[in-house]
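Structure, as structure tokens:
What follows is calculated from the coordinates using simple rules that are stated; it is not laboratory data. Keep in mind the model is a prediction, meaning the values are calculated, not measured. Please note: Cβ atoms are built from the backbone with ideal geometry, for glycine as well, and neighbour counts cover all protein chains shown.
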Amino acid sequence: MKQLIADCREMFVEQAQYRELLYEMTRRDLLIRYKQTIMGFGWAVFMPLVNTAVFSVIFTRVAPIETQVPYPLFAFCGLLAWNFSASTFRASVGSLTSNAALVTKVFFPRELFPFSAMLVALVDLAVGSTVLIALMAWFRVPPSPYIVLLPVVVVIHVVFTMAVSLFVAMANLFYRDVKYIFEVVVTLWMFATSVLYPVTSLGGRLGTLLRLNPMTPIIDGYRDVLFGGKPPDWLSLGAAALLSFAVLFAAWLQFHRSEFEFAERI
Amino acid sequence: MPESVIAFDGVWKKFRRGEHHDSLRDLIPALVRQFAKRREPTLEADEFWVLRNVSFEVRPGQTLGIIGPNGAGKSTALKLLTRIMKPTRGTARVQGRVGALIELAAGFHPDLTGRENIFLQGAIMGMKRDAIRRRFDEIVEFAGIPDFIDTPVKRYSSGMNARLGFAIAAHVDPDVLLIDEVLAVGDFSFQQKCYERLESFRRDGIPIAFVSHNMQAIASLCEQVLLLRPGQEPVLGGVNAVLAEYVSSKGSLADARVTVLEATLRHRDTGAALAGPIPPCAELQLDLELRAEANLPRCGVMLNIMRADGLVIFTGMSTLDGLSESHLQTGDHLTARIVFSANLLRGTYTVNIQLIDTLRQWPAVIIGGVGSFVVAETTRIAGCAEVLPLYEVAVARAVRSGAKVTL
């Protein structure tokens, strides 16, 4: 127990000490985005827009489904939120192994790699949300009053994303298989989440299974507070929040405790 | 504020030969093994001690040199100090802000400019943004690349890269300094600048641990030296004693064809065995007695003197100086007395002897490191040989026409 408190203290002290490095690493990744590209930040919205267009054709013409708001808005909102998690996961999973020179030679909290990956994705999310606002204006969908609850959803989303990325970054350092497995997992996971279609309506065993996925209440939460005109489903979002914080705590602690092995095992 | 200090307290560190179970396929058997056999503090089959029971303490103003052959654990020792790794047993302790001159350009991103990389690398080394901004001009000035500061570092030459890395590291303002063989960067004048910088850190009373293969640098910067050798006990001691041990142990090739019965370096005038440093230009005498354990025809005795950093001071051979060759048969004794003058400047030197087959011009027997000596002297600026200059300086005034005498 004493050890646990000491470890937690150390985790936070290190983060406070190295907060400027976190800023610099995030800045680095954003700067590189600009270098030798013409579109720069445009890429942050380009992919979700293309996907929105493709799936709009599929789900309004080929196999029409019913959504509360115009489908492009539904899909773009889902893709934007999903991309925040997915790109954080993708950047985190190889972040330790691709920075082997730093991991084996220089000391600083290694959590900064997945954390800065997350901050970069958060900037992308912010950039993308301007397009979301434009889409809402275009389809004349007014923001719901529950938009004040948006920060709650964002915090839960960020916590869950941090937790998973810490875990996969660490796991990939010890077992390189993780990177390949996780690539498949991320793809399947998107279709098991209500990114492009609502999955909550599904019944049966598959429906029960899908309800265990914490990403669904989070993404549904975004839609509810932005334009659903209703508060998020507190029961499932609450469960997702509880799970997110628990997993973050466990993953971070485990990450911190095995950090000193990274240089030897990489 | 507590005194800054670098210390090892009975540190043991083990590594594993070969790979860890790196893919999931190997995880299952590894887990089973771990379950079957409780973790023990002893060595398993594929493990080895890279550091065994190492202790030292470096206080403000002191510099510890860490030397040893490749793979002896020098860099590992520094990694334990920077907390990148944890010791298996014992404690590695650093009090104060660590400046680590290790892998200086590790954080550089090739697409970013020199300016952007200074901020990134500075932050990696633990500098605050304000501090970097304040010292930015100094860093650029030190690296000597003001014209290229807004060029992406991927277009830098490797020398420029290394210079920028060192310049950033040199401005971190550490409480303690760990250095891993990074001073060999850049051209001669930049290296001079690096050593001057280290000197100034030392004068400021910063404890330094310094890993190097450059024995001259070790000899001039350190008072205390830690010698690490694979599979052997560490040796900690004064710089001269440890350097002498290192260079003599390096060359000691035990050759089964001879048994060395005596090998002693003496003062020529008194005949006393050497103890402690000698002044330059001392007359020395090496007494050597060997028993041949095999037939060694046509032998000449070769004398070789080397400085600790590997510089060959002298190589010569008895037969080339007019002495006839010796034919040794099993059981014969060979005694040799070699008198020479050590017209040398400060440094640590080893004496090596070889028996050369004069016909085949090939060393028959190498007897490395039969002795070593330390020359102590502080009056010369640099160099290796004492040439005993005599200065005669005179000034002849030029006749200045039209010079007015003013009172």
**Request:** Taking every pair of Cα atoms in segment A:77-127, average 1/r, invert it to obtain the Kirkwood radius, and report Rg/Rh to two decimals.
**Result:** 1.08
**Asked** Over chain B, what is the mean sequence separation of C-alpha contacts under 8 Å (at least six apart), divided by residue count, expressed as relative contact order in percent?
**Response** 15
**Item:** Dipole magnitude (debye, nearest 20) for chain B, charges at Cβ of Lys, Arg, Asp, Glu
**Value:** 1060
**Asked** When the Cα centres of segment B:253-290 and segment A:4-66 are compared, how far apart do they sit, in Å?
**Response** 71
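For a Förster distance of 22 Å, can you work out the FRET efficiency between the beta-carbons of B:THR270 and B:ARG291, rounded to the nearest 0.05?
Working: r = 28 Å, r/R0 = 1.27.
It comes out at approximately 0.20.
What average number of partner chain Cβ atoms lie no more than 10 Å from the Cβ of the residues making up A:55-68? Walk me through the numbers on the way to the answer.
Working: counts 0, 0, 0, 0, 0, 0, 0, 0, 0, 0, 0, 0, 0, 0.
Rounded to a whole number, the mean comes out at 0.
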**Radius of gyration and Dmax over the Cα atoms of the protein assembly as shown, both given in Å** = 34.5, 117
**Asked** Per residue of A:101-111, how many C-beta atoms from partner chains lie within 10 Å of its own C-beta, taken as a mean?
**Response** 6
**Request:** Give the Debye-formula value of log10 I(q)/I(0) at each listed q (0.19, 0.22, 0.23 Å⁻¹), with one equal scatterer per alpha carbon of segment A:190-246, two decimals each.
**Result:** -0.65, -0.85, -0.92
**Request:** Sticking with the crude label model, points 7 Å out along Cα→Cβ, report the distance from B:SER55 to B:ALA396 in nm, one decimal please.
**Result:** 7.0
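How big is the charge dipole of the protein assembly as shown about its Cα centre, in debye rounded to the nearest 20, if each Lys and Arg gets +1 on its Cβ and each Asp and Glu gets -1 on its Cβ?
Numbers: 66 positive and 62 negative charges, 300 e Å.
Dipole magnitude for the protein assembly as shown comes out near 1440 debye.
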**Complete:** The farthest towards the positive end of the charge dipole of the protein assembly as shown, of the residues A:ALA86, B:GLY369, B:ALA382, given +1 on Cβ of Lys and Arg and -1 on Cβ of Asp and Glu, is A:ALA86
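Quick one: length gained pulling A:ILE266 to A:TRP43 fully straight, 0.36 nm per residue minus the C-alpha distance?
Details: separation 223, 0.36 × 223 = 80.28 nm, distance 3.19 nm.
Gain on stretching A:ILE266 to A:TRP43: 77.1 nm.
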**Item:** Under 5 Å, built H, 5+ apart or other chain: amide partners of B:ILE367
**Value:** B:ILE353, B:GLN354, B:LEU355
**Message:** Which residues among segment A:2-35 fall inside the zone where the amide N is under 16 Å from a point 7 Å beyond the Cα of A:ALA101, along Cα→Cβ?
**Reply:** A:29
**Message:** Can you tell me, using C-alpha contacts under 8 Å and at least 6 residues apart, the relative contact order of segment B:103-173 as a whole percent?
**Reply:** 46
**Estimated distance in nm for a label pair at B:GLU233 and B:SER157, the labels positioned 7 Å out from Cα along Cα-to-Cβ** = 5.0
**Asked** Which one of B:HIS171, B:VAL140, B:LEU120 is farthest out on the positive end of the charge dipole of segment B:103-173, using unit charges on Cβ (Lys, Arg +1; Asp, Glu -1) and the Cα centre as origin?
**Response** B:LEU120
**Asked** Got a sec? Which residues in segment B:187-213 would a label at B:ILE381 touch, if it sits 7 Å along Cα→Cβ and we count backbone N under 20 Å?
**Response** B:188-200
**Prompt:** Picking from B:VAL235, B:GLY96, B:ASN343, whose Cα lies most toward the positive end of the charge dipole for chain B (charges on Cβ: Lys, Arg +1; Asp, Glu -1)?
**Reply:** B:GLY96
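Please list A:218-230, A:151-163 highest first by mean number of surrounding beta-carbon atoms within 10 Å per residue. Could you put the intermediate results ahead of the total?
Values: A:218-230: 21.5, A:151-163: 20.0.
Top of the packing list down: A:218-230, A:151-163.
For a test of the definition: using alpha carbon positions, the gyration tensor, and the 1.5 limit on a/c, classify segment A:2-265 as rounded, prolate or oblate.
Numbers: a/c = 1.86, a/b = 1.56, b/c = 1.19.
It is prolate, given that a/c is not under 1.5 and a/b is the larger ratio.
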**Alpha-carbon centroid distance for the pair segment A:146-160 / segment B:123-145, whole angstrom** = 39
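Can you give the helix-only mean residue ellipticity at 222 nm for the protein assembly as shown, where every DSSP H stretch with n ≥ 4 adds -39500 (n - 2.57) and the sum goes over all residues, rounded to the nearest 500 deg cm²/dmol? Each step should come with its number before you reach the end.
Numbers: 19 runs with 288 residues, N = 673.
-14000 deg cm²/dmol, from helical runs alone.
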**segment A:22-178 - charge dipole about Cα centre, Lys and Arg +1 at Cβ, Asp and Glu -1, debye rounded to 20** = 300
**Asked** At what distance in nm do the modelled label points of A:PHE12 and B:LEU311 sit from each other, each positioned 7 Å from its Cα along Cα→Cβ?
**Response** 5.8
**Request:** List the residues of segment B:61-92 whose backbone N lies under 17 Å from a point placed 7 Å from the Cα of B:ASP9 along the Cα-to-Cβ direction.
**Result:** B:80-83, B:86-92
**Request:** Would you work out the relative contact order for segment A:1-117, in percent, from Cα pairs under 8 angstrom that are 6 or more residues apart?
**Result:** 31
**Request:** Can you bin chain B into rounded, prolate or oblate? Criterion: square roots of the alpha carbon gyration tensor eigenvalues sorted a ≥ b ≥ c, rounded for a/c under 1.5, prolate for a/b above b/c, oblate for the rest.
**Result:** oblate
**Prompt:** Considering amide H positions built from the backbone, and no H for Pro or chain starts, which residues 5 or more places from B:VAL50, or on another chain, come under 5 Å of its amide H?
**Reply:** B:LYS13, B:LYS14, B:PHE15
**Asked** What aspartates and glutamates sit close enough to B:LYS154 to cross-link, taking a C-alpha to C-alpha distance under 18 Å and skipping anything fewer than 8 places away on the same chain?
**Response** A:ASP29, B:GLU103, B:ASP111, B:GLU116
**Asked** Among rounded, prolate and oblate, which fits segment A:1-88 when a ≥ b ≥ c are the square roots of the eigenvalues of its C-alpha gyration tensor, a/c under 1.5 means rounded, and a/b larger than b/c means prolate?
**Response** oblate
**Message:** With just the Cα atoms defining each centre, how far is segment B:74-94 from segment B:311-329? Give it in Å.
**Reply:** 48
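Hey, can you list the DSSP H helices of chain A whose Cα span along the axis is 27 Å or longer and whose average Kyte-Doolittle score is at least -0.5? Working shown, then result.
Values: long enough: A:71-93 (32 Å, 0.92); A:112-138 (39 Å, 1.99); A:150-174 (37 Å, 2.29); A:234-265 (44 Å, 0.71).
Length and hydropathy pass: A:71-93, A:112-138, A:150-174, A:234-265.
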**Asked** Once fully extended, how much extra length lies between A:LEU212 and A:GLN36, figured as 0.36 nm per residue of separation less the alpha-carbon to alpha-carbon distance?
**Response** 59.1 nm
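Take the cross-link list B:LYS14/B:LYS86; B:LYS13/B:LYS74; B:LYS13/B:LYS79; A:LYS105/B:LYS86; A:LYS35/A:LYS105; A:LYS105/B:LYS74 and give me the ones stretching past 21 Å between alpha-carbons. Mind showing how you got there, number by number?
Details: B:LYS14/B:LYS86 10 Å; B:LYS13/B:LYS74 12 Å; B:LYS13/B:LYS79 11 Å; A:LYS105/B:LYS86 14 Å; A:LYS35/A:LYS105 27 Å; A:LYS105/B:LYS74 13 Å.
Over 21 Å apart, Cα to Cα: A:LYS35/A:LYS105.
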**Asked** Along the principal axes of its C-alpha atoms, what lengths does segment B:252-375 span, in descending order and rounded to whole Å?
**Response** 40, 28, 26
